[in-house]
Amino acid sequence: MRLLFMGPPGAGKGTQASTVAERYSIPAVSTGDIFRANVGQGTPLGIEAKRYMDAGEYVPDEVTNLMVRDRIAEPDAAGGFLLDGYPRTLAQVEELDSMIAATGHRLDAVVALIVDEEALVQRLLLRAQTEGRADDTEEVIRRRMELYAEQTAPLLEVYRDHGILIEVDGMGEVDEVTARIAAALEKVAQS
Ligand code: B4P
């Protein structure tokens, strides 16, 4: 399976990705996690990414695309992968299309998690108390939402036109959302 998880900040992408990836025995690749790991290790990529992430801005496409290209070329992704938080811009969509086409495969499904804006802000403010992420302040959260609406939400239409978009209600308990995603993907696996 080659899957994408999309949705605004706090929609539950990272929360759900690991469970779903385990179910299909594919790696869950989160661009946000890779950036954070690099920030933590103080690598040149981390130093560059941190400037953007702390402000709630997207890391430039050329940096992000190269990182994803390298990651999905690794042997564990040969049989499939779940990308969480990528693509986020039209340039990333185009780049991903060419990466996948070069391997002779195609995307199986794009799962979009739908959650009310106020619930998103509350989830992220709660996470701020437990994890202390630099980009989980209310001001930065609002900027991330704005950027999502401007640059990423329109991408859903691209995947809808390709007939591979699955919209899932992301409200409610984590387990309930997991069950909804599993039911939707089961249909894809059977088709
Ligand atoms: P991400 O790490 O992708 O951050 P995110 O959008 O907040 O999603 P995340 O996966 O962490 O949170 P989730 O919704 O699961 O990106 C961070 C930054 O990295 C971006 O702002 C950008 O700067 C950069 N970046 C990443 N990818 C990029 C790209 N492709 N291009 C350019 N820049 C990029 O969960 C949020 C919280 O909600 C958690 O605390 C969770 O416990 C809680 N939660 C989840 N489901 C819940 C539920 N059902 N009920 C209650 N709480 C729930």
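Answer yes or no: is there a residue in region 99-107 that is out of contact with any His (no Cβ under 7 Å at 6 or more places or on another chain) and crowded, with 16+ Cβ neighbours inside 10 Å.
Going residue by residue through region 99-107, those that are out of contact with any His (no Cβ under 7 Å at 6 or more places or on another chain) are 99-107.
Pick out the ones that are also crowded, with 16+ Cβ neighbours inside 10 Å and you get 107.
Among the residues of region 99-107, at least one is out of contact with any His (no Cβ under 7 Å at 6 or more places or on another chain) and crowded, with 16+ Cβ neighbours inside 10 Å, which makes the answer yes.
Of the residues making up region 1-18, those that are more than 8 Å from the ligand (Cβ to nearest atom) and either at pLDDT below 95 or among the small types (Gly, Ala, Ser) (or both) number 2. For region 79-135, a residue qualifies if it is without any contact (Cβ under 8 Å) to a residue 40 or more places away in the chain and hydroxyl-bearing (Ser, Thr, Tyr), and the qualifying residues are Ser98, Thr103, Thr130.
To keep it simple, each residue is scored yes or no on (1) within 23 Å of Lys187 (Cα to Cα); (2) among the aromatic types (Phe, Trp, Tyr); (3) surrounded by 14 or more Cβ atoms within 10 Å (Cβ to Cβ).
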| site | (1), (2), (3) |
| --- | --- |
| Arg71 | no, no, yes |
| Asp84 | yes, no, yes |
| Pro87 | no, no, yes |
| Ala112 | yes, no, yes |
| Gly132 | no, no, no |
| Ile141 | no, no, yes |
| Glu150 | no, no, no |
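Considering only residues that are of a type outside the set (D, E, K, R) and more than 16 Å from the chain's Cα centre (by Cα), look in region 165-176 and name the one that is nearest to Lys13 (Cα to Cα).
From region 165-176, those of a type outside the set (D, E, K, R) are 165-166, 168, 170-172, 174; that's our starting set.
From what is left, the residues that are more than 16 Å from the chain's Cα centre (by Cα) are 171-172, 174.
Working: Met171: 12, Gly172: 14, Val174: 11 Å.
For region 165-176, the residue satisfying everything is Val174.
Residues that are more than 12 Å from the ligand (Cβ to nearest atom) and within 16 Å of Gly85 (Cα to Cα) within region 134-157 comprise Ala149, Glu150, Ala153, Pro154, Leu156, listed in sequence order. Of the numbered criteria (1) touching a residue at least 40 places away in the same chain (Cβ under 8 Å); (2) within 8 Å of the ligand (Cβ to nearest atom); (3) not in a strand (DSSP E or B), the one Thr178 fails is (2). Within region 89-98, the set of residues being closer than 15 Å to Arg160 by Cα and open to solvent by less than 10 Å² (accessible area, probe 1.4 Å) comprises Val93 only.
Of the helices (runs of 4 or more DSSP H) entirely within region 30-133, those holding at least 2 residues that are touching a Pro at 6+ places or on another chain (Cβ under 6 Å) and more than 8 Å from the ligand (Cβ to nearest atom) occupy 90-102. The number of residues in region 14-26 being within 13 Å of the chain's Cα centre (by Cα) and open to solvent by 20 Å² or more (accessible area, probe 1.4 Å) comes to 3.
The values are calculated or read from the model by the stated rules, or taken from the named source; none is laboratory data. Just so it is clear, the structure is predicted and the values come from calculations on it, not from any experiment. Neighbour counts run over all protein chains shown; Cβ positions are idealised from the backbone, glycine included. Ligands, DNA and RNA are excluded from the accessible area calculation, which covers all protein heavy atoms including side chains. Shrake-Rupley method; radii C 1.70, N 1.55, O 1.52, S 1.80 Å.
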